[in-house]
Amino acid sequence: MRRRVVITGMGAVSPNGIGRENFWEATRNGVSGVRRITRFDTSPHLAKVAGQIEGFDEDRYVQPKDRPHVSRVVPLGIAAVGEALEDACVIPSEMDRDQLRGIGVIVGSGGGSQEFTEEQYRLYYTGQIKQCSVYTIPTSTIGTLSSEISMRFGFRGMSHIVSTGCTSSTDAIGYATRTIQAGVMDWMVAGGVDAPIAPLILRGFILMRILTTSWNDDPERASRPFSRDRDGFVLGEGAWFFMLEELEHARARGARIYGEIAGYGSTCEAFHRVRLEECGEEPARTIGIALDEAGIAPEQVQYISYHGTSTELNDKIETRAMKLAFNGHAYKLAGSSLKSIIGHPQGACGAAGIAATLLAMRDGVVHPTLNVDEADPECDLDYIPDVGRKMEIQYAVANCIAFGSKNSAMVLRKI
């Protein structure tokens, strides 16, 4: 029999709130974290807004002498992991070596330390070569990101990165779940972090014409999933991490349980490096795989955490996929897009949606989708516009779609 996996700790560093409860209080009340970019001069760029975290003290998590040698994702990830561990009542400093060998780390990140690498090139090409980090190569190598977290907390189990674009953190949590189900580990740290707000990364997304440029003077209205007048997504950053445990392991130590990872599915359309196949069949099949693993019928699901990017194609295709996956039940399903509130934190977005869904299960209230001023006629489902809603959730699906034709979905169950 496959072992059951539950989540017992959660940490968040989000554009709309630093810390799990601050993130959730803002999210459930529809308080946006999208604002004008202040980290660098945006005058050369058509897009000038992002889900940018303000007031985060990086020096609390990385010593000032080390900060020039690591990416922003490192302090963000360490902060969220630290909160998740505290929430789960896990104290690494009180563990012996054998116990630390029993905890692994799997991090999902789309870009990893990309902004750090960009900065090293800027220093080099502006004649500041002596300021380039001696750790340019290891820090720019995405695999060292999980090592930074393992080293900070002393975890000696596996330390891996999953980088599958926007599905990265969903897949990281999925692989951590598989590791526990297989009996390799009893508990794992897993989640996602990305920090892509940098000049050349912004420029790259602008060249693809997938960022909104219409709301630079009204940032909170910029991310508009499912609204007819949407014209692109808003770049975002953040970190959301979890402590995953085998169910009986969690019960034996008296851990508080947020919910169970009941099913996970992942597919590839093998279609295009950026565009989605418009039929929506593979995202729908992904959800079906996750539902089958959970052992439930589509009609048992109450809530969808949408990928909901606010691009014209994604929102229509995701809506189409829901109709395929849930048939007539799709019209009875409530769902919302967190990206309308925090922007799109790339590979960390799946973990962000899972965090918001588990907190909704805990409190019996779901967050809204902001800025659905006039729904696209092809986006005709219940997206919980503008105001959150009280509802009890037994089963929810967190959905993700990525560049490279990737799809991942997770079924969460309340225990």
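Since every read-out is calculated from the coordinates, none of them should be taken as a lab result. From a predicted model like this one, the values you see are computed outputs, not experimental measurements. All Cβ positions, even for glycine, are placed from backbone atoms using ideal geometry, and neighbour counts span all protein chains on display.
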Excluding residues on the same chain fewer than 8 positions from Lys48, give the aspartates and glutamates whose Cα lies under 18 Å from its Cα.
-> Glu115, Asp217, Asp218, Glu220, Asp231, Glu237
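Taking GluC sites (Glu not before Pro) that fall in a DSSP loop and have at most 12 other Cβ atoms within 10 Å as cut points, what is the longest piece of the chain between them? Intermediate values should be presented prior to the final figure.
Numbers: sites that count: Glu54, Glu278, Glu374, Glu392.
The longest such stretch corresponds to 55-277.
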Rg over Rh, two decimals, region 93-218 (C-alpha only, Kirkwood Rh) | 1.08
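Percent relative contact order of region 216-338, based on C-alpha pairs within less than 8 angstrom and at least six residues apart?
Numbers: 133 pairs, mean separation 37.4, N = 123.
Once divided by the residue count of region 216-338, the mean separation gives 30 percent.
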Kindly put Thr139, Thr167 in sequence by how many other C-beta atoms sit within 10 Å of each C-beta, fewest to most.
-> Thr139, Thr167
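Given contacts defined as C-alpha pairs under 8 Å and at least six residues apart, what's the relative contact order of region 317-369, whole-number percent?
Numbers: 21 pairs, mean separation 19.8, N = 53.
Reported relative contact order: 37 percent.
In the chain, what percentage of the DSSP-assigned beta bridges are antiparallel, given to the nearest 5?
The antiparallel fraction comes to roughly 65 percent.
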Expressed in nanometres to one decimal, the distance between label points 7 Å along Cα→Cβ at Glu278 and Glu248 is 5.3 nm
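To make sure I understand, if each residue's beta carbon is the centre and we count other beta carbons within 10 Å, what order do His249, His272, His307 fall in, fewest to most?
Values: His249 17, His272 11, His307 31.
Final ranking by Cβ density, sparse to dense: His272, His249, His307.
Please give the FRET efficiency for Gln131 paired with Lys323, using the beta carbon to beta carbon distance and R0 = 45 Å, rounded to the nearest 0.05.
Calculated value: 0.25.
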What FRET efficiency comes out for the pair Asp292/Arg60, r = Cβ-Cβ distance, R0 = 30 Å, nearest 0.05?
-> 0.10
For the residues Lys339, Lys130, what sequence is obtained by ranking on other C-beta atoms within 10 Å, fewest first?
-> Lys130, Lys339
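Once the Cα gyration tensor of the chain is found, what semi-axes does its equivalent ellipsoid get, as square roots of 5 times the eigenvalues, in whole Å, sorted largest first? Kindly include the intermediate steps, with their values, before the conclusion.
Values: eigenvalues 173, 159, 66 Å².
Over the Cα atoms of the chain, the semi-axes work out to 29, 28, 18 Å.
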Relative contact order of region 237-306: what whole-number percent is it, with Cα pairs under 8 angstrom and at least 6 residues apart?
-> 30 percent
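Taking the Cα centre of region 264-413 as origin, work out the dipole magnitude from +1 charges on Lys and Arg Cβ and -1 charges on Asp and Glu Cβ, in debye rounded to 20. Don't skip to the answer; put the middle values down first.
Working: 13 positive and 20 negative charges, 95 e Å.
Charge dipole of region 264-413: 460 debye, to the nearest 20.
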Where a Cα-Cα gap under 23 Å defines reach, which lysines qualify for Lys406, not counting those fewer than 8 residues away within the same chain?
-> Lys316, Lys323, Lys339
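What is the dipole size for region 3-91, taken about its Cα centre, with +1 at each Lys and Arg Cβ and -1 at each Asp and Glu Cβ, in debye to the nearest 20? Write down the numbers at each step before the final one.
Numbers: 12 positive and 11 negative charges, 71 e Å.
For this selection, approximately 340 debye.
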